[in-house]
1. Name the most mobile residue of THR50, THR413, THR163, meaning the one with the largest mean-square fluctuation, in a Gaussian network model of the chain with Cα contacts below 10 Å.
2. Kindly report the accessible area of the chain per residue (heavy atoms of protein chains, probe 1.4 Å, no ligands, DNA or RNA), in Å².
3. For the chain, list the DSSP H helices whose alpha carbon atoms reach 18 Å or more along the long axis and whose average Kyte-Doolittle value is 1.6 or above?
4. Quick check on the chain: helices-only [θ] at 222 nm, where DSSP H runs of length 4 and up contribute -39,500 (n - 2.57) each and the sum goes over total residues. Nearest 500, please.
5. Can you give me the % of accessible surface on the chain that is carbon or sulfur? Probe 1.4 Å, all protein chains present, nothing else counted.
6. Take VAL162 and LYS58, extend 7 Å from each Cα along the Cα→Cβ direction, and tell me the distance between the two endpoints in nm.
7. Running a GNM on the chain with Cα contacts under 10 Å, which residue among GLN318, GLN161, GLN393 ends up with the highest mean-square fluctuation?
8. Evaluate the relative contact order of region 2-200 (contact order divided by residue number), counting alpha-carbon pairs under 8 angstrom at least 6 apart; express in whole percent.
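The values are calculated or read from the model by the stated rules, or taken from the named source; none is laboratory data. No experiment lies behind these values; they were computed from the predicted model shown. Cβ placement follows ideal geometry from the backbone for every residue including glycine, while neighbour counts extend to all protein chains displayed. Quick note on the areas: whole protein, heavy atoms, side chains included, nothing else; ligands and nucleic acids left out. Shrake-Rupley method; radii C 1.70, N 1.55, O 1.52, S 1.80 Å.
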Amino acid sequence: MAGLYINQHVLNNLFYILVGVFAFSFIYDHSAAIRRRLLYSRVLLGACLTLAAVLCMKFPIYIDPACVHDFRQVPFLLGTLYGGSAVGAVLLTMLMLARTILYGFQPLTLIVYAIMLAAAAVVSPLFRRLPRPSKLFTALGLTFLLAVLTTFVAVVIADFQVTKPYIIYFILMPPFVMMFAVYLMETLHEAQLARAELMKMEKMEIVSQLAASISHEIRNPLTVVKGFIQLLQTGPLPRETEERYIRIALEELERAEAIIRDYLTFAKPAPKETEPIDVAIQLQKVLQMIAPMAHMHSVSLSSSLDHGIVIGNVQYFQQCFLNLFKNSIEAMPNGGTLRVTAEHRGTAVVITVSDNGVGMTKEQVRRFGEPYFSTKEKGTGLGAMVAVKIIEQMGGTWNIESAVQKGTTLTITLPASRVKPPTAERSVAG
Ligand code: ADP
Ligand code: MG
């Protein structure tokens with residue numbers, strides 16, 4: 001019986017709605033910029049569902065002298081429920097525009113959809129907080145109630161003729177189509193969340209692997225030290241040999257110390273927690289920390305720091321910049337200036353670290369961040385790698401500009417967060 005009513009046109013309408021939902025989900029999934037800004041994601045939602053609604057209208061289920069029958073109320077309600085009144089208003093405008101262009105202006109259509117907009121916009125904030133099963137039934141119930149209500153209004157004010165196909169296609173079928181669309185939206189969104197979570201875990205994995213490889217690196221010098229001390233223990237040795245052993249042991253200990261410094265200066269238990277970081281405050285702290293070292297190398301410090309917020313682990317963040325600042329200072333054995341800037345640019349916080357030191361060749365720039373690559377006699381070749389890994393873990397990118405004997409500028413771009421750091425906690429609209 002119902003099968004009789006599920007014809008090609010109904011399936012086409014269903015298809016347009018699916019296209020709208022999938023287009024939204026696909027683009028949302030592939031654009032970090034859209035995910036970060038509520039406004040962008042609402043514009044996208046509005047655009048995709050407008051497309052669906054207009055297609056439904058252009059290729060309707062059937063046309064009656066009094067009204068065009070299609071499932072446009074589904075994308076319309078879907079957009080308003082998920083996007084709120086603003087998206088609903090945009091959808092209403094586009095819908096009326098398309099209706100007027102395609103079939104002429106019909107005041108009744110405006111009244112019907114204005115009622116739907118008002119009701120769905122009121123329900124929207126509550127709807128978005130509901131668990132999934134309740135969302136499905138709320139969508140079903142609301143679509144049905146609004147269909148009945150608007151039909152009632154149409155009958156009262158315009159003496160609208162209610163026909164059997166109208167009952168099927170406007171009142172009975174759309175609630176189920178709506179429930180299906182909400183189910184899809186939710187499933188796609190959950191898959192997206194699961195993927196994001198997985199990616200975050202993979203990034204954490206990089207850092208724990210790093211920890212494992214570094215503890216291995218520390219074990220080597222310790223083994224050497226142990227060996228020489230055991231040798232010293234065996235009995236009286238010539239003074240010269242004893243001194244040589246002690247020197248080697250001390251050098252190895254220094255190496256172990258350097259490795260720890262490049263990686264673990266700030267390490268604390270439970271270092272995996274991330275939080276909002278005010279880059280200006282933290283960079284200032286690191287600058288203070290290296291001030292004595294800079295002074296020793298006749299390097300002056302200059303900084304211009306905006307209060308941008310990024311998400312990350314504070315200890316890692318400090319470690320990253322400590323390593324970069326140290327490299328810059330070490331690149332200026334005859335003194336110079338280490339200049340640090342932080343700037344909030346739209347959706348990013350851009351940090352630059354520049355020095356007028358020895359600079360790097362093209363080959364050195366290419367190998368920057370490679371483990372154990374060092375041009376220094378006592379270098380570990382770990383500092384830059386750790387810094388780069390931390391930047392990548394925070395979702396950032398980096399770029400080096402360097403000229404031999406002129407200096408080096410490192411530009412680091414981190415995604416900006418709109419969340420305030422804990423010290424100045426304040427909820428952000430959204
Ligand atoms: P290390 O400092 O122990 O040598 P890093 O990983 O910190 O190891 O740095 C790797 C190499 O990158 C350095 O040995 C140096 O050749 C080069 N480098 C890093 N930063 C700079 C800089 N600011 N100026 C010139 N060379 C640099
Ligand atoms: Mg270094």
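1. Highest fluctuation of the listed residues: THR163.
2. 52 Å²
3. Correct list, ordered by number: 38-58, 85-103, 132-158.
4. -21500 deg cm²/dmol
5. Its accessible area is 63 percent carbon and sulfur atoms.
6. So the label points at VAL162 and LYS58 sit 3.3 nm apart.
7. GLN161
8. 21 percent
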